[in-house]
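Working notes, beginning with the structure itself.
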Amino acid sequence: MDKAASQSGLTLSDLSVYRRSGEKLLQVNAHVLPGRTLTIMGPSGIGKSTLLAAITGTLSPDFRCSGSVRLNDRELMQVPPEKRRLGILFQDHLLFPHFSVAQNLAFGLPPRTKHRRARVEQALEDIDLKGFASRDPASLSGGQRARVALMRMLLSEPEALLLDEAFSRLDQDLRARMRRLVFAKAEQAQLPVIMVTHDQEDAEAAAGDILRFPPPLAT
Amino acid sequence: MPETDHPRMGRPTKGPAFFPTLTLLFLLGPVLAGLLGTLLPSFGLLRPSGAAAFSLEPWTALAEWPGLARSLWLSLKTGVIATLIAFVLAVLLVAGWQGTRWFKVAHGLLSPLLSLPHTAAALGLAFLIAPSGWVARLMSPWATGWNRPPDILVLNDPGGWSLIFGLVLKELPFLLLMLIATLPQLQVRDRTNVATALGYGAVLGWCLTVLPGAYRQTRLPVYAVLAYAISNVDMALILGPTAPPVLSIQILNAMNDPDLGLRAPAAAAALLQLVLVLVALIIWKAGEVAGATCVQALLWRGARGNSLAFRALKPIGLSTVTATAVLLFSGLLAHFLWSVTGRWRFPDVLPQSFKTRTWDRAGEDLLFTGFTTVSLAFLVAVVALALVIGCLETEHRRGRAMGTGGVLILYIPLILPQISFLPGLQILLLLAGVNHGIWPVAVAHLVFVLPYVFLTLAGPFRAWDRRLATVASALGHSQQSILWRVKLPMMLAPILIAIAIGMAVSVGQYLPTLLASGGRVETLTTEAIALASGGNRREIGVWAITLTFAAWIPFLFAYALPALMFRNRKGMTNG
């Protein structure tokens, strides 16, 4: 995946999201380099999560989008969501409740991965959850769940990372540790990151560019 | 840059939707064909002889039917009164008792009775209230002086009161559970707390603050109950008057008559039945307005509903609903006792001797019919399930929920009287030469199973967290993979419940089975009703008990299987 430096990373060009009525919510132009983070801040309801849905390709039909999203020289807009290679983390960690912890991780491994069990065991060790393979996700603590969700996403070998208020449900202490872990992993894998948050500390920890949006105009 | 239509979830969204179209076809096709098959012969077209000329002769022949006016009146009276009583009692129980422990007990008792087949309930009630039934036995001879069953007409009374009694018993659980299902969205606790703080009694406070919202959402189920009560055949055959019977039985008799000349007036009568249901709906609508006006008047008069009369309503609600459960369960117990009875003299309360011979004799027949019934039900429920999941998944991928129009369409087969379009369907099947075998029966059952399966699954499917799909597709999984590996496994419990409900609906069908097969496919329900007229209580007991269990056993699986499969998955127990 060696590309010219100027073209690697995640590029949003005139990416705009609209309501179905045609009302424009947001427009973003940005280039996020591998290993760096773009933080998008603004009050809730302004369309930040909708913007992420436009990037992942899972926009609800109540919204539309235009513009382009390029990831390491691939244009994503016409690519189905499952082929975009974007990892996303939500504030609820959204582990699948009918799978065990190990099955959740295995669900993220790409189809032709070899030594799947060993990979999952290794992944559990990486997040200090050795021996948790057959556990019920509902029996984990909030921090443990957050780590499993992060690892599941990393195992799918994404080329960019999207964070949708990913830390806001964690308590203060845990939040700082989780942030460090996520940004460390992103830097290690040289992933461009787009983070949506309303927390100033998140933005400072990311140490990257910040896009602030004004409150929506009253209609 | 022009605004591009986003490839939603990576799927094309244009073109006709396969599953909704197919579902609509299965849901409305037989209904419309049936109505046509009723309409044409009633105006002289589509005669058995093949001749066709417009004529009003079927209607003049219908006017000559003995006791027609009385039949019409009986149908209307039994249906409207039974629905009104059942609805009022359901409201009284919920208004007076919701949130209490007694309410939970009543709810728990009535839930299994929801899927009790109408036939089993009616036969059970017949066992209880017949002159030689359990009620008479309990009171004889000490209170009544009877040493032999008295010669009085309790069952099949000419006024239709035992039919009303039976309809109330069977429809009360349904209306109650429909009413309860609306409560979570109505902030009931807040509203009643406000009403209580303002000094309102429980029943009136609930009726003023919660009922309007709750009724708006139970309206269609209430209409379905009303239509069923007016036009049903199964309960009317067992409990209803005989000389003359209600209109639906008159139609059925004419359809089954070897004299083919009676078919055309029967078709006219089937249309008349449809009109009767519409009239009843109009009466009910007028009742809705009158009821709302009364409630308004109470509000403006400042009534607080604390008078003795209002407070008396509370115990009435609980006691009648409890009595309903007790009666229905006693009916089942009576079925069971009779099925193993050797000798049971009047007025003994319990049999003197027991034997299993009735079961032994029914043996092979029972097994075969039971197998036919259950496999037919399973087939129909699974087909309905596939169609419904297809519809809901289409809805999910297109992001458009079905509107109120869609819900109305689902209720069409439940509100249109079966006796109005099934005879027409029979006539068409006969003409097409496909009126035999299991397939026409399965198609006819599907019409009534589909709405229930859809209504059961729509809630859980629509409440499913879409972000799970986002996460899964970000992990590289296709729509198909997400459906099969994430969504359906998570929906296992509601899916199994939907199958069980669908099977119970199919097991309980009488008229569709009878008419679509020309009487040649026998199920537990058709056999139990056929036995009812013979009056062999031991045999009726055997078949009614088997019928009840055929409807109930799928629920056992539906509750046990997810609990077993996901016993180590706490996150699955609430979802």
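The values are calculated or read from the model by the stated rules, or taken from the named source; none is laboratory data. Not measured: the values here are computed from a predicted model. All Cβ positions, even for glycine, are placed from backbone atoms using ideal geometry, and neighbour counts span all protein chains on display. SASA here: full protein model, heavy atoms, side chains in, ligands and nucleic acids out. Shrake-Rupley method; radii C 1.70, N 1.55, O 1.52, S 1.80 Å.
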Inter-label distance, nm, simple model (7 Å from Cα along the C-beta direction), A:His115/B:Asn253: 8.4
Would you be so kind as to identify all helices of chain B, as entire DSSP H runs, whose Cα atoms reach 27 Å or more along the helix's own axis and whose mean Kyte-Doolittle hydropathy is at least 1.6? B:18-42, B:68-97, B:161-182
For the protein assembly as shown, what is the percent of antiparallel DSSP beta bridges, rounded to the nearest 5? 50
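Report the calculated FRET efficiency for B:Asp365 and B:Val279 (r = Cβ-Cβ distance, R0 = 51 Å), to the nearest 0.05.
Numbers: r = 43 Å, r/R0 = 0.83.
The formula returns an efficiency of 0.75 here.
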Mind grabbing the base-10 log of I(q)/I(0) for region B:59-355 at q = 0.07, 0.09, 0.14, 0.16 Å⁻¹? Debye formula, identical points on the C-alpha positions, no solvent, two decimal places. -0.33, -0.54, -1.09, -1.25
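Would you please give the FRET efficiency between B:Asp348 and B:Ser319, computed as 1/(1 + (r/R0)^6) with r the Cβ-Cβ distance and R0 = 41 Å, to the nearest 0.05? Before the final figure, lay out each step's value.
Details: r = 28 Å, r/R0 = 0.69.
The formula returns an efficiency of 0.90 here.
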Using the Kirkwood radius over C-alpha pairs as Rh, can you work out the diffusion coefficient of region A:5-212 via Stokes-Einstein at 20 °C, viscosity 1.002 mPa s, in µm² per second? 122
How large is the charge dipole for the protein assembly as shown, taken about the Cα centre, if only the Cβ atoms of Lys, Arg (+1) and Asp, Glu (-1) carry charge, to the nearest 20 debye? 1140
Multiply the residue gap between B:Ser481 and B:Ala181 by 0.36 nm, knock off their C-alpha separation, and tell me the result in nm, one decimal place. 104.8 nm
Space enclosed by the convex hull of the alpha-carbon atoms of the protein assembly as shown, per residue, Å³: 222
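Heavy atoms only, probe 1.4 Å: what % of the accessible area of the protein assembly as shown goes to carbon and sulfur, would you let me know? Intermediate results must be reported in sequence, preceding the final value.
Numbers: 22140 of 35050 Å².
Its accessible area is 63 percent carbon and sulfur atoms.
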Distribution of pairwise C-alpha distances over region B:186-326, 10 Å bins, in %: 10, 26, 27, 19, 13, 5, 1
Mind checking B:464-470 for the average number of partner chain beta-carbons within 10 Å of each residue's beta-carbon? 5
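Given the pairs A:Lys48/A:Lys83; A:Lys114/B:Lys570; B:Lys314/B:Lys570, which span a C-alpha to C-alpha distance of over 29 angstrom in this model? Kindly include the intermediate steps, with their values, before the conclusion.
On the way: A:Lys48/A:Lys83 22 Å; A:Lys114/B:Lys570 31 Å; B:Lys314/B:Lys570 39 Å.
Among A:Lys48/A:Lys83; A:Lys114/B:Lys570; B:Lys314/B:Lys570, the Cα-Cα distance tops 29 Å for A:Lys114/B:Lys570; B:Lys314/B:Lys570.
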If you find the alpha carbon centre of region B:185-229 and of region B:318-352, how far apart are they in angstrom? 35
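Give me the percent relative contact order of region B:59-355, please, defined on Cα pairs under 8 angstrom at least 6 residues apart.
Here the relative contact order equals 34 percent.
Could you tally the net charge around A:Val28, taking each other residue with its Cβ under 14 Å from the Cβ of A:Val28, Lys/Arg +1 and Asp/Glu -1?
Numbers: positive: A:Lys24, A:Lys48, A:Arg70, A:Arg212; negative: A:Asp14, A:Asp209.
So the surrounding residues net to +2.
Before anything else, pin down the relative contact order of chain B: Cα pairs under 8 Å, at least 6 apart, normalised by residue count, whole percent.
Values: 818 pairs, mean separation 138.9, N = 575.
Across chain B, relative contact order equals 24 percent.
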Using only protein heavy atoms and a 1.4 angstrom probe, determine the accessible area buried between A and B, summed over both sides, in Å² to the nearest 100. 3400
By its C-alpha gyration tensor, with a ≥ b ≥ c as the square roots of the eigenvalues, how is chain B shaped: rounded for a/c under 1.5, else prolate for a/b larger than b/c, else oblate? rounded
The long-range amide H neighbours of A:Thr39, using H built 1.01 Å from N in the peptide plane and a cut-off of under 5 Å, are A:Met195, A:Asp209, A:Ile210, A:Leu211
Please list the non-local residues whose amide H lies under 5 Å from the amide H of A:Ala160, H modeled 1.01 Å from N, same-chain partners needing a gap of 5 or more. A:Gly87
Show that you can apply the helix-only estimate: for the protein assembly as shown, add -39,500 (n - 2.57) for every DSSP H stretch of four or more residues, divide by all residues, and state [θ] at 222 nm to the nearest 500. -20000 deg cm²/dmol
Using every pair of alpha-carbon atoms in region A:129-182, split the distances into 5 Å bins beginning at 0 and state the percent of pairs per bin, rounded to integers. 4, 16, 30, 23, 18, 8, 0
Suppose we flag GluC sites (Glu not before Pro) only when DSSP calls them loop and at most 13 other Cβ atoms lie within 10 Å. Which is the longest uninterrupted stretch of chain B? B:65-575
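Within chain B, which is the longest segment that contains none of the trypsin sites (Lys or Arg not before Pro) sitting in a DSSP loop with at most 11 other Cβ atoms within 10 Å?
Details: sites that count: B:Lys14, B:Arg343, B:Arg345, B:Arg567.
The segment B:15-342 is the longest one with no such site.
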Under a point spin-label approximation (7 Å from Cα along Cα-to-Cβ), what is the B:Val135-B:Asn306 distance to one decimal in nm? 3.8
For A:Arg74 and B:Gln217, what is the calculated FRET efficiency with R₀ set at 41 Å and r taken between the beta-carbons, to the nearest 0.05? 0.25
For chain A, what's the relative contact order in percent, using C-alpha pairs closer than 8 Å and at least 6 residues apart? 31
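Looking at region A:5-212, what % of its DSSP beta bridges pair antiparallel, to the nearest 5?
Details: 17 of 35 bridges.
Bridges in region A:5-212 that DSSP calls antiparallel: roughly 50 percent.
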Using only atoms on other chains, find how many Cβ atoms lie within 10 Å of each Cβ of peptide A:76-87 and report the average. 5
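In chain B, which longest range has no chymotrypsin sites (Phe, Trp or Tyr not before Pro) that are both DSSP loop (not H, G, I, E or B) and surrounded by at most 14 other Cβ atoms within 10 Å?
Working: sites that count: B:Phe54, B:Trp142.
The longest such stretch corresponds to B:143-575.
Quick check for you: with a 1.4 Å probe and neighbouring chains kept, what is the accessible area per residue of the protein assembly as shown, in Å²? Mind showing how you got there, number by number?
Working: 35050 Å² over 794 residues.
Per residue, the protein assembly as shown has an accessible area of 44 Å².
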